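Please read the structure below before turning to the comments.
The values are calculated or read from the model by the stated rules, or taken from the named source; none is laboratory data. Everything numeric here is computed off the predicted structure, so don't read it as measured data. Please note: Cβ atoms are built from the backbone with ideal geometry, for glycine as well, and neighbour counts cover all protein chains shown. The protein model used for the area step is the full one, side chains on, heavy atoms only, and it has no ligands, DNA or RNA in it. Shrake-Rupley method; radii C 1.70, N 1.55, O 1.52, S 1.80 Å.
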Amino acid sequence: MAKKGRKLVAANKKARHDYFIEETYEAGIVLTGTEIKSVRAGKVSIKESFAKVENGELIIYGMHISPYEQGNRYNVEPLRPRKLLLHKKQIMKLMGQTKNPSLTIVPLSMYINEDGRAKVEIGLARGKKNYDKRESIAKKDAARKIDRAIKDSRRR
């Protein structure tokens with residue numbers, strides 16, 4: 001069962017809009033058998049989720065994995081906290097950085113890697129103010145107008 005590339009399961013599009021992403025990490029995630037089947041089916045939402053370091057472990061909260069249809073009694077609670085797997089040094093670094101109240105850990109995407117394992121891309125994030133959001137929207141609009149003008153000039 002060799003996979004080529006990685007299959008994106010869920011993306012948190014609002015994270016890059018609401019936060020400045022300072023650093024990104026790739027973390028494994030501890031799942032049960034029925035949860036990984038739901039993940040492979042793409043029934044995951046990471047929109048309202050966040051991560052915290054507790055007792056030397058990185059835990060993700062608010063990630064919704066829908067119950068597997070054929071899972072019957074083996075299904076677990078969809079919103080349960082799940083453990084993320086990182087190296088100890090990375091966890092200690094994140095713990096030190098998140099003591100700063102302006103920084104938080106948010107999941108950016110969830111995917112199945114080449115080996116068939118579920119991974120979560122997390123980011124150390126600093127919240128944006130409203131004027132920062134308007135500024136980034138204005139930059140995107142300007143870039144879009146420039147691209148459109150270049151495209152139109154090539155057609156003529």
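Being assigned to a strand (DSSP E or B), of a type outside the set (A, V, I, L, M, F, W, C) and over 15 Å from Gly123 (Cβ atoms) holds for only one residue in Lys37, Lys52, Lys83, and it is Lys83.
Taken over region 127-156, residues that are open to solvent by less than 60 Å² (accessible area, probe 1.4 Å) and either within 29 Å of Thr98 (Cβ to Cβ) or touching a Cys at 6+ places or on another chain (Cβ under 9 Å) (or both) amount to 5.
Just checking, how many residues over region 58-80 are open to solvent by less than 70 Å² (accessible area, probe 1.4 Å) and either in a strand (DSSP E or B) or on the phi < 0 side of the Ramachandran plot (or both)? The total comes to 15. Pairing residues of region 104-122 that are within 17 Å of His17 (Cβ to Cβ) and in contact (Cβ under 8 Å) with a residue 60 or more places away in the chain with residues that are β-branched (Val, Ile, Thr) and assigned to a loop (DSSP other than H, G, I, E, B), at Cβ distances under 7 Å and at least 6 apart in sequence or on separate chains, gives Thr104/Thr98; Pro107/Ile46. Going through (1) under 30 Å from Arg134 (Cα atoms); (2) touching a strand residue (DSSP E or B) at 6+ places or on another chain (Cβ under 8 Å); (3) at pLDDT below 90; (4) open to solvent by 80 Å² or more (accessible area, probe 1.4 Å) one by one, Lys52 falls short only on (3).
For (1) small (Gly, Ala, Ser); (2) under 13 Å from Met110 (Cα atoms), each residue gets a yes or a no:
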residue	(1), (2)
Lys14	no, no
Ser38	yes, yes
Asn55	no, no
His64	no, yes
